[in-house]
Amino acid sequence: MAAFSMIPLFTHPKSPEVKTKPREKMIALTFDDGPNPKTTPKLLEELQAAHVHATFFEIGKNVAQYPEITKALSDAGNDVASHTWNHIDLTTLTPISTKNEIDEAASEITKITDKNMPFYRPPKGRFDSAILKSESKEVVTWSQDTGDWATLDTETTIKYATLNPHDNEIILMHDIYPQTVAAVPAIIKNLEQRGYTLVTVSQLIENHGGFHEHQSYMKTK
Ligand code: NI
């Protein structure tokens, strides 16, 4: 009996709880550096009003200070994942400090949300092969940077978020700026009118059969 004959060459695992149509065009909105008590709750209201879920890459020390915001985001169906504890460029740290930075924020988020995301986002999107080897979680970066942190301008943030949308896109914004929060309803409306479904990073990955190499917004070992 050939023991190997039953094993398929390629498998595309799908979680049963994620109900997304395979041909839907999807974009994930992502928000970094929160939670912030002045801006994040307002953004959550906007997302809920639009029936949209997003992904938040949060800084651990902010999560520890405002756990109720992190919990509300997660309870509403958004992904909340580690953006490290102190938001230091990981390529400047020792391997052990790097691992602690990523994992301590992730643990704090899991303690509050009871969910453990299999990915994180390094500060400024900066990482190297040593960082990848030290950490079991996957890196999620982005494919469209709105530059919201630099312009602090609502119209410019809308412009860059909707400039050249494509399936599987991950858009980078920051929920700590009121100008960004003000831009989100128009961004959602624009992208939905052009046929995109706005999903969390988990849903995006799930819909594409897990993490793949050679995609600009996700790097894996
Ligand atoms: Ni950041």
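The values are calculated or read from the model by the stated rules, or taken from the named source; none is laboratory data. Note that the structure is a prediction, hence the values are computed from the model and not measured. Here the Cβ is made from the backbone with ideal geometry for all residues, glycine too, and neighbour counts use every protein chain on show. All accessible areas refer to the heavy atoms of the entire protein, side chains included, with ligands and DNA or RNA removed. Shrake-Rupley method; radii C 1.70, N 1.55, O 1.52, S 1.80 Å.
A few remarks follow.
- Count of residues meeting criterion [within 21 Å of Leu29 (Cβ to Cβ), charged (D, E, K, R) and either within 11 Å of the ligand (Cβ to nearest atom) or open to solvent by less than 60 Å² (accessible area, probe 1.4 Å) (or both)] in the range 123-151: 4
- Residue among Ala72, Ala76 that is among the hydrophobic types (A, V, I, L, M, F, W, C) and buried (at least 16 other Cβ atoms within 10 Å of the Cβ): Ala72
- Residue in the range 162-169 that is of a type in the set (A, V, I, L, M) and either more than 15 Å from Thr55 (Cβ to Cβ) or open to solvent by 60 Å² or more (accessible area, probe 1.4 Å) (or both) present: yes
- Of everything in the range 28-69 that is β-branched (Val, Ile, Thr) and either within 16 Å of the ligand (Cβ to nearest atom) or within 11 Å of the chain's Cα centre (by Cα) (or both), the residue that is surrounded by the fewest Cβ atoms within 10 Å (Cβ to Cβ) is Thr39.
- Qualifying residue in the range 153-175 (condition: within 16 Å of the ligand (Cβ to nearest atom), part of a helix (DSSP H, G or I) and not polar (S, T, N, Q)): no
- Which numbered condition Arg126 fails, given (1) touching a Pro at 6+ places or on another chain (Cβ under 6 Å); (2) modelled with pLDDT of 90 or more: (1)
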